[in-house]
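Trainee: Could you have a look at this structure, given as structure tokens, before my questions?
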Amino acid sequence: MDVLRPTLIRIGGRVYRKNLTQEQAYQHEEEEDFCAGPSDCADEPCDAFMVEETEKGFQCRVEVPSPLYKYIIGKKGETKKRIETETRTSISIPKPGVEGEIVITGQHRSGVISARTRIDVLLDSFRRKQPFTHFLSVALNQPAIQERFLQFKEEVLEKCSKDHGVSSSLFQNPAKLHLTLGTLVLLNEQEIQKACDLLQRCKEDFVDQIAGGKPLTVEVAGVEYMNDDPAMTDVLYAKVHMKDGSDRLQVIADQLVERFVASGLMLKEWDRVKLHATVMNTLFRKDPGAEERNNTMTGKSSFKERESFNGRNILKLFENFYFGEVQLDSVRLSQRFSSDASGYYATSGQLAF
């Protein structure tokens with residue numbers, strides 16, 4: 001990281017600078033420590049958080065999913081003790097596995113705010129390291145599309161099976177064909193409910209107006225690859241466009257992601273959502289239930305473990321393959337690594353057009 005251009009972290013409408021620190025790797029993740037450097041509490045903005053005045057001083061409550069408690073506690077409690085000492089506060093954390101609020105108390109308002117700021121930055125840092133649990137999806141698994149997809153798979157294997165790396169294990173499960181709009185890390189029921197509520201607000205605020213209260217008719221046609229060299233393809237996807245030639249689906253997708261990013265439930269990855277339906281993915285070779293992150297790397301070593309396939313012939317022969325026309329009637333909050341009765345991902349909530 002360039003010392004002159006440090007990473008910026010956006011939390012609650014404010015931007016914080018992430019200082020360069022020496023990271024230490026511990027044997028167990030739960031023992032990972034976080035070094036919150038010393039700072040002058042008086043420099044903290046006093047209007048950033050809701051701080052209550054009490055008989056003994058001041059307090060601030062923070063809603064934190066229980067899986068993240070360990071990061072505030074730190075190795076042998078060192079992180080919690082350091083924050084308490086340097087901000088002259090006391091931090092009360094619920095028992096492991098018990099959902100609740102972390103309460104920060106202190107005699108000085110500035111100290112409480114300083115501790116809260118450090119905890120927020122700390123949680124944001126570790127939340128970014130968590131694998132995503134849910135994603136906003138648009139289902140493309142209608143029977144007609146599934147049938148055409150299976151025909152595509154059959155023809156590819158018939159004509160291109162001798163190409164390097166091409167095998168049946170690369171293909172998507174037809175029941176799970178979908179568009180991914182964005183990924184989320186939701187660590188408890190409260191966060192899931194918050195995401196569901198936001199979906200409904202988006203419906204009222206702009207989706208109904210853009211969609212016109214009707215399903216969106218799209219065509220799934222043509223294939224394209226993600227990376228730079230078609231001879232070393234990792235992801236092959238079907239292209240999607242509105243039948244009427246408009247960009248309404250793109251506008252809805254972009255505005256949904258913008259709203260979720262602003263709420264803190266989603267990290268901003270791209271300026272625009274790339275609307276694509278994965279049909280072949282080298283991740284499926286080892287894990288048929290894998291889902292790729294939205295057009296990004298799925299992990300630190302995922303690409304090293306992949307065996308790419310030669311997609312040149314597939315792209316040439318199936319460049320304009322027609323998967324069909326479909327009526328899109330909802331955006332779903334889908335749960336990763338799950339299935340419902342139809343074979344699609346389990347749905348935690350949805351926004352109906």
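Trainee: Keeping all protein chains in place and using 1.4 angstrom, which order do Leu150, Leu140 fall into by accessible surface area, from largest down?
Mentor: Ranked from most to least accessible, the order is Leu150, Leu140.
Trainee: Hey, rough spin-label estimate for Arg248 and Lys214, points 7 angstrom out along Cα→Cβ, what's it come to in nanometres?
Mentor: Those two pseudo-labels are separated by 0.7 nm.
Trainee: What does the accessible area of Ile91 come to, in Å² to the nearest 10, when a probe of 1.4 Å is used?
Mentor: Spelled out: Ile91, probe radius 1.4 Å, area about 10 Å².
Trainee: Here's something else I'd like to know. Amide H to amide H under 5 Å from Val279: which residues, 5+ apart in sequence or cross-chain, H placed 1.01 Å off N in plane?
Mentor: Result for Val279 returns Leu236, Tyr237, Ala238.
Trainee: Please report how many Lys pairs in the range 145-222 have alpha carbons closer than 27 angstrom, counting only residues at least 8 apart along the chain or sitting on separate chains.
Mentor: 10
Trainee: Let me ask something additional. With a probe of 1.4 Å, find how much accessible area the range 71-219 has per residue, and write the answer as a whole number in Å².
Mentor: Normalised by residue count, the accessible surface of the range 71-219 is 45 Å².
Trainee: A follow-up question, please. How would you classify the range 228-290 from its alpha-carbon gyration tensor, with a ≥ b ≥ c the square roots of the eigenvalues: rounded for a/c under 1.5, else prolate if a/b is greater than b/c, otherwise oblate?
Mentor: oblate
Trainee: At 1.4 Å probe size, what's the solvent-accessible area of Thr54? Round to the nearest 10 Å².
Mentor: Per-residue accessible area (Thr54): approximately 60 Å².
Trainee: Counting only protein heavy atoms and using a 1.4 Å probe, what share of the accessible area of the range 139-244 belongs to carbon plus sulfur, as a whole percent?
Mentor: Roughly 47 percent of what the probe reaches on the range 139-244 is carbon or sulfur.
The values are calculated or read from the model by the stated rules, or taken from the named source; none is laboratory data. Note that this is a predicted model, so its numbers are computed, not measured. A quick note on method: Cβ atoms are made from the backbone with ideal geometry, for glycine too, and the neighbour counts reach across all protein chains shown. Quick note on the areas: whole protein, heavy atoms, side chains included, nothing else; ligands and nucleic acids left out. Shrake-Rupley method; radii C 1.70, N 1.55, O 1.52, S 1.80 Å.
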